[in-house]
Amino acid sequence: MDSGQLACQARQAMLEVVQPDGRAQAVPITGAKATSLLSVTRVNNSPGQEIFLQTGGISSGSFAAIYDTHHGHLPQAGSFSYGGDSGAQAELTCLPGTPLKVVQLANLTPTGTLSGPWGAAKITYVWSQGRLVPTA
């Protein structure tokens, strides 16, 4: 390597939130070297907002993590895959009500291609103490 060139490498993605009063909170994003902000919105009954980050992606979909801002720190509330192509398609939907719910729908083929029978999976999560918990 030329001694005049910098070597750059992403090692760990971080999330930092600065509150209106100037207090800052920062946490490492587990398993991610880089992230993209998808949304900041209130999706549960607690004060504060949830932060949706894209933490990775491959040709057959993307991965997201959700962080909760209510409890004075930034716990990861859940993680999901979404999007897709070939033999996997997934999506997330936030449902209003009490309790608020997040539904993950996945459609898969056993062959991993667009031909063949499709199977569906539905997982519903509810907010419980700042975390998304799958329901039975």
Review point. Out of the range 35-60, which residues are modelled with pLDDT of 80 or more and part of a loop (DSSP other than H, G, I, E, B)?
Key: T35
Check your understanding: For the range 82-136, which residues satisfy the criterion of being modelled with pLDDT under 65 and among the acidic types (D, E)?
Key -> D85
Study note, to complete from the structure: By residue number, the members of the range 10-34 that are crowded, with 17+ Cβ neighbours inside 10 Å and either β-branched (V, I, T) or assigned to a loop (DSSP other than H, G, I, E, B) (or both) are A13, V17, I29, A32
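The values are calculated or read from the model by the stated rules, or taken from the named source; none is laboratory data. Predicted model only: the values in this text are computed from it and were never measured. Methodologically, a virtual Cβ is constructed for each residue, glycine included, from the backbone with ideal geometry; neighbour enumeration extends over all protein chains shown.
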